[in-house]
Amino acid sequence: MHFIGKSSGVAFNGEKFTRRIILPLAALMIVAFTVVLAFVIVSADGQNRLEVEASTKLAKTALTVKTREVARNLRDYAVWEDVYNNLHLAVDVEWASTDGNVGANIFEGLGYEMAFAINSQKRTVYAVIEGKPKDVDALSLIPQGLATLLSQGASRSEPATGLLKSGEDVLIVAATGIVPPSINRSTLNPDDISMLVFAKKLDEKFLARMGEEYLLSNLVFMPAGTAEASASVPLVSEEGQDLGYITWSPAEPGYELLRLLLPPLAAAVVVLAAFAVLVVRNARRSTHALEESAKTVEAFAQTLQESEMRFRDVAEASSDWIWECDPDLHLVYFSARFSEVTGLSAASVLGKTLEQFFSSDTESDGWQLLVEGTHGQSSFRDLRCCYRDANGQSRICRLAGRPISNSHGTFSGFRGTATDITDEVQAQARATHLALHDALTGLPNRVLFRDRLNLALSGKRRNPSRVAVICLDLDHFKEVNDTLGHGAGDVLLQQLSDRLQACTKSNDTVARLGGDEFAIIQIGANQPFESEQLCRTLIEVIRAPFHVDDQELHVGVSIGIAIADMSGDDPERLLKNADIALYRAKQAGRATYRIFEAKMDQELQARKALEYDLRQAVLKHELEVHYQPLIDLDSKSIVAVEALVRWRHPSRGLVSPMDFIPLAEETGLIVGIGEWVLEKACTQALSWPQLRVAVNLSPIQFRNRDLIETVRDVLTRTGLEPARLELEITESVLINDASSALDILNALKDLGVRIAMDDFGTGYSSLGYLNSFPFDKIKIDRSFIGDMNGKDKSSAIVRSVITLGQSLNMTTTAEGVETAEQATFLTQEGCNQIQGYYFSRPIAADEFTIFLENWTGFETNLSSVAAA
Ligand SMILES: Nc1nc2c(ncn2[C@@H]2O[C@H](COP(=O)(O)O[C@H]3[C@@H](O)[C@H](n4cnc5c(=O)[nH]c(N)nc54)O[C@@H]3COP(=O)(O)O)[C@@H](O)[C@H]2O)c(=O)[nH]1
């Protein structure tokens, strides 16, 4: 394993690219182009200079040739016998000037502007200027150099030539002696010889023709002192006098070359530049790609480095250690972590086989294959093994290994890791336990209960009717929680679970399903006998007081039993059936048990249907309120009316509240129904201004703290005077939580409404209640009224309650008065109000209005009662 160092920065940014690639390349191109251009220009210039040199030579040659031509023409005349005779021996001007001798032909034929014949005394004897004889002196006309030239020409056979000036004109002048071939020249004294002179002007015409002949374009004469041209030949006399120069426009092959070369060169430069741009662009792309791949490589290197660091950190931080064994599974290597984790020295273990050090705590095939040597030299992982650490403690580890080979490729053992998973396994075991057990009691929870039930039922199939599911629900446990707090409730539940376990056998399962709900799976050969026996025991055992925080607590238990095969063997169904039986046990007055029967389910279904109908009834406004009058026995007038709810069911007809109020209470629907009845009754009472209206309140409504607000709101909404509203409560309201109930009653009383104790005598009839709360009225339950005949116990009770009411200054009302005798007796005993079918059944509001209108009072036969 090795680390790849961080890159030293291969990255090539744009600036670097420009500096390192583009600028040198551009400079190279500029230099190359400049060199080429300079070379071309220098070559062109060289060529031009060569051309100047060549043309100069040519111009000189042309001058020489012209000069020789003048000399040659001169000589032709000078050797002519006639010229000797007519211009030397004697001067015959007429002969000489005749055309064809030395006359006009000299100018017109040969083009010489001047011709002179000069005798030995240097006197011009004959002169022809531009073809016409003139009397001029040659030496005056050409003052400088002619004398010398005459002298030279006289002394030699060939004409002497030179460039001389006449006025502003430059002349090619040739001078030679007039000596015919008949005379031996050497015999003559030069000083005696007459000279013939021809002169040719270097005028424009002459030079133009000469230029044409010698390809010297624009050949012109330039006087002395003017700026010298690039191509010129100076005109210097024999005596060194500067006469000016001839100049011409030399050909410029160099510039021609430039004209030819520059466009393709420029094109080449453009192409090269374009190519360079392309190359640079490609290079930039390549550089960019290179840069990207460099970055990627760098990133990889970084990642690898981090990965290695991570691996090292993990390896050092984890409890893993590395081991190695030879082909016979003898341990031959441990990493340093081995000793740190196990507390054992590597030396004490090295040499042992895998099997001698580890043992498998599971029936793992992998482990068997490994230690038996049938591993096939293949990798393995997740082998759970045990070993003993330095303290002799059993530890669990997970082994992973892969085969290793020597340099020849032969199998040389295994190398792998061992991870100590003892804590993990223990934590997992704890988690599993927690997931399957109730934290408070340690009993199996619902999940484990289901598992066990499934298991029991699968066993039951081999031995039917042995499994019973028993559901338990504590009676009055809520009161423990409410009065002593949840801590006390928890302790009670823990004690209860101990009692439950003590009552069951080892192969039974006691589980806590939640709250105060417990369940038992009982396996018994003799069902339902055994489960009934167990339930009776449980009821007894649980009835015994619990001791929590020095307090003696009493709870009871209701139990439902479902026997497999008697009620199906589906675990869910079985549990549900036990629940239904439990419900029936509770309905039966608690502290008892019930065994599930099929009809219970039917009843439950019917109840559910009723519940559904009731919910619908509320929504569909199928409820209505009927009214029953309360008659004052002093005035014989109707003083109040009791509102009683009815359900006009579409198919069942008028349903009694006896049939649906309990259900409404169980489902909580009573809260909404109660409020609706209250509002309806208060509204209706407004149309009977002389009457109070009495409305029944359910204990369930009392548990709701909103009751006070509800009553206040209804009174506000309807506008009924609070003193005209009488709320009837039963003793059960006070039994559950007397102090809270008394608070609510006081609050209601503060609203100004009256409170009546309903069904007095049927419950605990604790006089303490009457003492602790100043009721306005006591309603004697109709069961006492129906039973009394003047002498019996009921009559005595009724009499005592009336007396009690009188002494507590409370109104007494007798319910269920069906006969005149009952009315007479109650009148006689001093009862204040009576209510019953004798006067009217509960009737609809409009019927009641008619009843009220027709009311004329009633008669009591006091004498007959007294006689009885
Ligand atoms: N929480 C609420 N409870 C209500 C409401 N409406 C009624 N109830 C309670 O339902 C129980 C049954 O009521 P009901 O069937 O209406 O019976 C009442 C009277 O019809 C009946 N009664 C009256 N006189 C006689 C009689 O001469 N003989 C006879 N056999 N029965 C008679 O008594 C019932 C009134 O009882 P009480 O309320 O105790 O004054 C009943 O417990 C109602 O309270 C409601 O809206 N909310």
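The values are calculated or read from the model by the stated rules, or taken from the named source; none is laboratory data. Predicted model, so just to flag it, every value in this text is computed and none were measured. Every residue, glycine as well, gets a Cβ built from its backbone with ideal geometry; the counts of neighbours run over all protein chains shown.
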Condition test on ILE631, is it in the same structural domain as TYR837 (by TED's automatic domain parsing) and within 16 Å of the ligand (Cβ to nearest atom)? yes
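State the number of residues belonging to the range 628-652 that are outside any strand (DSSP E or B) and surrounded by fewer than 18 Cβ atoms within 10 Å (Cβ to Cβ).
Just the residues of the range 628-652 that are outside any strand (DSSP E or B), to begin with: 633-636, 650-652.
Checking the rest, the ones that are also surrounded by fewer than 18 Cβ atoms within 10 Å (Cβ to Cβ) come to 634-636, 650-652.
Qualifying residue count, the range 628-652: 6.
Restricting attention to the range 595-614, which residues are among the aliphatic types (A, V, I, L, M) and loosely packed, with under 15 Cβ neighbours inside 10 Å?
Across the range 595-614, the qualifying residues are ALA598, ALA606, ALA609.
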Is it the case that some residue within the range 615-622 is in contact with a strand residue (DSSP E or B) (Cβ under 9 Å, 6 or more places away or on another chain) and more than 28 Å from SER458 (Cβ to Cβ)? yes
Residues in the range 32-53: is at least one within 22 Å of PHE221 (Cβ to Cβ) and either in the same structural domain as MET195 (by TED's automatic domain parsing) or not acidic (Asp, Glu) (or both)? yes
Is it fair to say ASP737 is surrounded by fewer than 20 Cβ atoms within 10 Å (Cβ to Cβ), within 60 Å of the chain's Cα centre (by Cα) and touching a residue at least 40 places away in the same chain (Cβ under 8 Å)? yes
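From the list ALA435, ALA418, ALA390, which one is farther than 30 Å from GLN501 by Cα, under 48 Å from the mean Cα position of the chain (by Cα) and at pLDDT 90 or above?
Numbers: ALA435 fails: farther than 30 Å from GLN501 by Cα; ALA390 fails: under 48 Å from the mean Cα position of the chain (by Cα).
When all the criteria are applied, what remains is ALA418.
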Where the second residue is in a loop (DSSP other than H, G, I, E, B) and among the aliphatic types (A, V, I, L, M) and the first is assigned by TED's automatic domain parsing to the domain that holds ALA544 and more than 14 Å from LEU538 (Cα to Cα) and lies in the range 498-516, which pairs have Cβ atoms under 6 Å and are six or more apart or on separate chains? ALA511/LEU443; ARG512/LEU443
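Each row is one residue, and each column tells you yes or no for (1) surrounded by fewer than 20 Cβ atoms within 10 Å (Cβ to Cβ); (2) touching a strand residue (DSSP E or B) at 6+ places or on another chain (Cβ under 6 Å); (3) part of a loop (DSSP other than H, G, I, E, B); (4) not assigned by TED's automatic domain parsing to the domain that holds SER217.
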| residue | (1), (2), (3), (4) |
| --- | --- |
| VAL91 | yes, yes, yes, yes |
| GLY100 | yes, no, yes, yes |
| ILE106 | no, yes, no, yes |
| VAL136 | yes, yes, yes, yes |
| GLN144 | yes, no, yes, yes |
What do you reckon, is ARG692 in contact with a strand residue (DSSP E or B) (Cβ under 6 Å, 6 or more places away or on another chain), away from the ligand (no atom under 12 Å from the Cβ) and basic (Lys, Arg)? yes
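In the range 731-846, which helices (runs of 4 or more DSSP H) lie fully inside it and hold 2 or more residues that are touching a Phe, Trp or Tyr at 6+ places or on another chain (Cβ under 8 Å) and within 14 Å of the ligand (Cβ to nearest atom)? Outline the logic, then answer.
On the way: elements: 731-736, 738-751, 767-772, 782-787, 793-807, 820-829.
It comes to 731-736, 820-829.
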Being outside any helix (DSSP H, G or I) and farther than 30 Å from SER166 by Cα: is that true of ALA251 here? yes
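Within the range 847-859, restricting attention to residues that are more than 16 Å from the ligand (Cβ to nearest atom) and either among the acidic types (Asp, Glu) or not in a helix (DSSP H, G or I) (or both), which residue is nearest to the chain's Cα centre (by Cα)?
Here is the first cut: in the range 847-859, the residues more than 16 Å from the ligand (Cβ to nearest atom) are 849-850, 852-857, 859.
Narrowing further to those that are either among the acidic types (Asp, Glu) or not in a helix (DSSP H, G or I) (or both): 853, 855-857, 859.
Numbers: GLU853: 80, TRP855: 83, THR856: 86, GLY857: 86, GLU859: 91 Å.
My answer is GLU853.
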Given the criteria without any contact (Cβ under 8 Å) to a residue 60 or more places away in the chain and either under 60 Å from the mean Cα position of the chain (by Cα) or not assigned by TED's automatic domain parsing to the domain that holds ASP242 (or both), does ILE118 qualify? no
How about the range 568-605: which of its residues are polar (S, T, N, Q) and in the same structural domain as ILE542 (by TED's automatic domain parsing)? ASN577, GLN587, THR592
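Restricting the search to the range 314-324, which residues are farther than 16 Å from SER348 by Cβ and modelled with pLDDT of 85 or more?
Taking the range 314-324 first, the residues farther than 16 Å from SER348 by Cβ are 314-320, 322, 324.
Hits for the range 314-324 are ILE322, GLU324.
Yes or no, residue by residue, for (1) surrounded by fewer than 17 Cβ atoms within 10 Å (Cβ to Cβ); (2) in contact with a Cys (Cβ under 8 Å, 6 or more places away or on another chain); (3) assigned to a loop (DSSP other than H, G, I, E, B):
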residue	(1), (2), (3)
LYS680	no, no, no
THR683	no, no, no
TRP688	no, no, yes
ALA694	no, no, no
ARG705	yes, no, yes
VAL711	no, no, no
VAL714	no, yes, no
LEU720	no, yes, yes
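Among ALA578, ALA640, which is the only one that is of a type in the set (Gly, Ala, Ser), within 16 Å of the ligand (Cβ to nearest atom) and in contact (Cβ under 8 Å) with a residue 60 or more places away in the chain?
Working: ALA578 fails: within 16 Å of the ligand (Cβ to nearest atom).
None of the other options fit; the residue is ALA640.
Determine whether ARG123 is of a type outside the set (A, V, I, L, M, F, W, C) and surrounded by 14 or more Cβ atoms within 10 Å (Cβ to Cβ). Before you say what the answer is, go through the steps one by one.
Working: of a type outside the set (A, V, I, L, M, F, W, C): yes; surrounded by 14 or more Cβ atoms within 10 Å (Cβ to Cβ): no.
The answer is no for ARG123.
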Take the conditions touching a Cys at 6+ places or on another chain (Cβ under 6 Å) and either modelled with pLDDT under 90 or crowded, with 20+ Cβ neighbours inside 10 Å (or both) and apply them to ALA617. Does it pass? no
Given (1) within 13 Å of the ligand (Cβ to nearest atom); (2) not assigned by TED's automatic domain parsing to the domain that holds SER840; (3) not aliphatic (A, V, I, L, M), LYS608 misses just (1)
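Looking at GLU675, GLU665, GLU624, which is the one that is within 14 Å of the ligand (Cβ to nearest atom), touching a Pro at 6+ places or on another chain (Cβ under 8 Å) and acidic (Asp, Glu)? Steps first, answer last, please.
Numbers: GLU675 fails: touching a Pro at 6+ places or on another chain (Cβ under 8 Å); GLU624 fails: touching a Pro at 6+ places or on another chain (Cβ under 8 Å).
Step by step, each of GLU675, GLU665, GLU624 is checked, and only GLU665 is within 14 Å of the ligand (Cβ to nearest atom), touching a Pro at 6+ places or on another chain (Cβ under 8 Å) and acidic (Asp, Glu).
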Modelled with pLDDT of 90 or more and either in the same structural domain as ASP569 (by TED's automatic domain parsing) or surrounded by 13 or more Cβ atoms within 10 Å (Cβ to Cβ) (or both): which single residue out of ARG462, ARG395, ARG384 fits that description? ARG395
